1. Any idea how far apart residue 128 and residue 198 come out in nm if each label point goes 7 Å out from Cα toward Cβ?
2. Label residue 40 and residue 242 with points 7 Å out from Cα along Cα→Cβ: what is the distance between them in nm?
3. Segment 300-410: D in µm²/s via Stokes-Einstein (Kirkwood Rh, Cα pairs, 10 °C, 1.306 mPa s)?
4. Return the FRET efficiency for the residue pair residue 155, residue 351: r is the Cβ-Cβ distance, R0 is 56 Å, and the value is rounded to the nearest 0.05.
5. Grab the Cα-Cα distance for residue 68 and residue 290, subtract it from 0.36 nm times how many residues apart they are, and report the gain in nm with one decimal.
6. Please figure out what share of the DSSP beta bridges in the chain is antiparallel and state it in percent, rounded to the nearest 5.
7. If R0 is 51 Å, what FRET efficiency do you get for residue 312 and residue 412 from their C-beta distance, rounded to 0.05?
8. Once you have a ≥ b ≥ c as the square roots of the Cα gyration tensor eigenvalues for segment 210-292, tell me rounded if a/c is under 1.5, and otherwise prolate or oblate according to whether a/b is larger than b/c.
Ligand code: SF4
């Protein structure tokens, strides 16, 4: 198990540990990063390739849609493809409406998945609802798989909401409709977990989530949920949108919860721009966890924003070059140097804050601002180390970083190759032939 331990606040909440494939979630483990594919799952090659890209980017669990027979048939093929690529990260099946039926008819799919995601608002309607929910839980018990009971405000159980609304209306001082809805969201998750318990499922097999697209609502509901249960929790601002606003909203919603120790896995639900790859949501999740000190994934490069003292483009270019070079270097450093992800580099624009900030980094450089002598002092662990100047400045600075990594981080053995486990399809089930014989890694 990953040796990393996240930093929780003193009010940290310890949840039940839930094993999802090889990954333990909750019980004080590092907050895990999930991502979800957007390919048609029946296209097993495209889905396996995208899942592989997400894993390469840092996803520790990948969720895929399982919505019809063709998708169910493709799941074991996707699992095998990922094993062939040396990837044993857990696969999660996302079920709505017909999960009870698919899981029953396609046991190879049920076995190939490491967790089932159920939305209690989308299991079924009327008298079918409880039956179908029970069938999914029974299937999870049969295959010894955990579930995530994921409540979403877009598909909140209307029967429960109406019940709470009616009860609220009879109160002498009724709460607002919004407050009742927040209560209904948390209640829906807790009541569903209790229903799973009654069928024999332990809390070590249940992860809960309640998702909204309103950041403040998400914080409120999850604080409420965390106060009422000790289940492992998955967090995510649903339908966050695109680009910068979505990243800011997700960070604003998740950070206060994570810093209170609420949340054991996260997903950043970004809509990719046309043509953009799917991996941005993983990069944002990593940056978020790193920025609040819970995980470390890659060296942090501090750079000042620049101002009237940095009128040449040299400073921006150096900051940009160093970021790109370090990102590239991390491919080789990762797994070779233990703890290199904690390296701190500073690229500063002038003498005002440059030397001071650089001294707080492991390796820092303070470029000359407008009118300053054209020299750049470099600091290593707070001490003046060199003075750079001239055209080779970037190369010389990179050499100093390389040297620092080589001399300050112990070398580790190459990562062991992951040994695939087999999920051979049941011969009685219908099989699906791959449309392409080989999947290449991303
Ligand atoms: S360090 Fe210098 S260049 Fe950078 S923002 Fe501060 S004053 Fe401006």
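Every number in this text was worked out from the coordinates using simple rules, so none of it is lab data. Note that this is a predicted model, so its numbers are computed, not measured. Neighbour counts are summed over all protein chains in view; Cβ atoms, including those assigned to glycine, are modelled from backbone coordinates with ideal geometry.
1. Here the answer is 2.1 nm between the modelled labels.
2. 2.4
3. Values: Rh = 13.9 Å.
The Stokes-Einstein estimate is 114 µm²/s.
4. Values: r = 57 Å, r/R0 = 1.02.
Working from the Cβ atoms, E equals 0.45.
5. Full extension from residue 68 to residue 290 adds 76.1 nm.
6. Here the antiparallel bridges make up roughly 25 percent for the chain.
7. For residue 312 and residue 412, the calculated efficiency is 0.80.
8. prolate
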